[in-house]
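First comes the structure, then the notes that go with it.
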Amino acid sequence: MQQTTAQSGPDGRVKRLDADESGSVGLVVESSDGKNFILTCSHVAMGGRPEDRGGYFVDEDIQVELRGRQTNYGCVRFSFMDNEQESALVELSELDANEWRNELPDGTQIGHVLNVPSEGQRVSFFSSLNYKEVSGEIIRLNVSQITIEYGPVTATFDNLIEVGMKNGSITYTISEKGDSGSVVYSENYEPIGMIIGGNSNATYIVPIQRILDKTETTIKQHVHLT
């Protein structure tokens with residue numbers, strides 16, 4: 001994938017200002033009242049472990065650094081966790097929103113949600129950690145009782161999508177620590193889900209539509225002027 005002058009997007013990094021570790025930018029999403037947000041994992045935005053704040057909150061300014069083509073700053077305005085997802089939204093100012101697009105470094109735009117993924121389907125994500133596209137396939141759909149470690153705490157999730165690489169009956173993960181928040185997409189660049197964790201055998205993603213429904217947002221579509 002050849003780098004061009006595309007604006008910041010899924011190749012960006014997210015880090016809470018008072019935390020040591022960072023994660024990945026997922027997508028730019030938009031609320032019904034026109035506000036723009038960066039979608040990522042709750043454990044990324046909240047500094048290492050997911051926190052259920054019940055959804056939207058404005059009573060505390062939890063600042064994060066958004067590092068892409070340039071560095072921006074934003075405040076966490078949504079953090080949620082239950083047995084089927086963990087997600088967060090970082091609000092962008094109107095000015096900063098113009099610097100972030102749902103585009104890969106080569107300018108390819110990530111499109112509309114693929115609502116019906118299938119086992120064996122080829123998928124990819126752009127690892128902002130290693131700055132390269134990583135590919136694999138969907139191993140299983142609707143997997144449950146998946147335990148993910150977040151430092152000293154663990155969480156168990158249901159109805160996730162399991163992705164990885166297969167070698168006969170053996171599967172391997174396609175992500176590593178620091179890839180959480182990345183959006184996984186189809187060969188046609190349709191978003192399928194967001195990485196929330198993994199182990200040596202598989203990477204686990206939350207279906208993207210489930211997150212959009214909970215956050216009451218839509219994927220921002222960017223128009224190119226010619």
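Of all residues in the range 37-78, those being hydroxyl-bearing (S, T, Y) and crowded, with 16+ Cβ neighbours inside 10 Å number 2. Against the test of being in contact with a strand residue (DSSP E or B) (Cβ under 7 Å, 6 or more places away or on another chain), exposed (fewer than 13 other Cβ atoms within 10 Å of the Cβ) and of a type in the set (K, R), the options K214, K166 yield a single qualifying residue, K166.
Considering (1) part of a strand (DSSP E or B); (2) surrounded by fewer than 24 Cβ atoms within 10 Å (Cβ to Cβ); (3) out of contact with any Phe, Trp or Tyr (no Cβ under 8 Å at 6 or more places or on another chain), the lone condition that E176 does not fulfil carries the number (1). Quick one: would you say G111 is outside the structural domain of I146 (by TED's automatic domain parsing), in a loop (DSSP other than H, G, I, E, B) and out of contact with any Pro (no Cβ under 9 Å at 6 or more places or on another chain)? In short, no.
Condition check for G34 on (1) in contact with a strand residue (DSSP E or B) (Cβ under 6 Å, 6 or more places away or on another chain); (2) surrounded by fewer than 16 Cβ atoms within 10 Å (Cβ to Cβ); (3) at pLDDT 90 or above; (4) not hydrophobic (A, V, I, L, M, F, W, C): one failure, at (1). Counting only residues that are hydrophobic (A, V, I, L, M, F, W, C) and either assigned to a strand (DSSP E or B) or closer than 14 Å to E84 by Cα (or both), the range 41-69 holds 3 of them. Of the listed requirements (1) touching a Ser or Thr at 6+ places or on another chain (Cβ under 8 Å); (2) closer than 22 Å to N102 by Cα, N188 misses just one: (1).
Residues that are among the small types (G, A, S), under 30 Å from D158 (Cβ atoms) and exposed (fewer than 15 other Cβ atoms within 10 Å of the Cβ) do not occur anywhere in the range 85-102. When the range 68-96 is filtered for residues that are within 18 Å of I195 (Cβ to Cβ) and without any contact (Cβ under 8 Å) to a residue 60 or more places away in the chain, the ones remaining, listed by number, are S79, D82, A88. Of all residues in the range 28-57, those that are without any contact (Cβ under 8 Å) to a residue 40 or more places away in the chain and of a type in the set (F, W, Y) total 2.
The values are calculated or read from the model by the stated rules, or taken from the named source; none is laboratory data. These figures come from a predicted structure and were not determined experimentally. Counting neighbours? That spans all protein chains shown, and the Cβs are built from the backbone with ideal geometry, glycine included.
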